[in-house]
Every structure is written in C-alpha cells, then in structure tokens.
C-alpha cells in the first residue's frame, strides 16, 4: 500500500531523523512510532489506534475491484497517438470551416 504523509509531515520528519543520525543518538522502532504519532498530532491528523475494521481479505477484494476500475479507465482512455490524431482532425475541421466561410464571403 502506498502511504504518503504529505510535505507538512515528511519534511520535518526527515530533518528530525537526519539530526538524530548526525548526533548518533540511537532510535528504536518504538521511538520512531512515538515521534511519528507526535508529528501527526501536531499536523491535526488522525492516528489509527486499532487494527482497523475490515479483514485482510476484504481489503484485498476492495483493492482488486478498484484496480480493475483503474485498468478499464486506462483501456478506455485514448492513447497519446489517438489524442494527437483527434486534435489534428479538429484543426482540419476548423481550417475547412474558415476556408469555406471565406469562399462564401467572396
């Protein structure tokens, strides 16, 4: 699962971890969990304090359904070549309309 905290959290956390590294103060996993929770509270973010409400299987099923939707969107979307082709057709149609309107005016 891709988890992104956002720049308001990740930038200070990176600075903090760098300072801890340079000061050679050992940090254990429990320390990192506590610091991350502190950063999240500071940014008014919710902290999950339990295992969640859905099972692993339900999460996998949901992920598969959402990925199938995404795949269908990718298939349905025109490729870059098709996009350029459609744009060229529109330009040609405009050129024909402009040319036909000048012929009528003359």
| remark: Of the conditions (1) within 30 Å of residue 11 (Cβ to Cβ); (2) loosely packed, with under 10 Cβ neighbours inside 10 Å, the single one that residue 81 does not satisfy is (1)
| Is it true that some residue in the stretch 40-51 is in the same structural domain as residue 17 (by TED's automatic domain parsing), assigned to a helix (DSSP H, G or I) and free of Cβ contacts under 8 Å to residues at least 24 places away in the same chain? | yes
| task | Would you please name the residue that is surrounded by the fewest Cβ atoms within 10 Å (Cβ to Cβ), looking only at residues in the stretch 32-45 that are at pLDDT 75 or above and within 22 Å of the chain's Cα centre (by Cα)? | result | 44
| If you go through the stretch 4-30 one residue at a time, how many are assigned to a loop (DSSP other than H, G, I, E, B) and at pLDDT 75 or above? | 6
| Filter result for residue 63 (assigned to a helix (DSSP H, G or I) and closer than 30 Å to residue 14 by Cβ) | yes
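The values are calculated or read from the model by the stated rules, or taken from the named source; none is laboratory data. Keep in mind the model is a prediction, meaning the values are calculated, not measured. Using ideal geometry, Cβ is built from the backbone for each residue, glycine included, and neighbour counts are taken over all protein chains shown.
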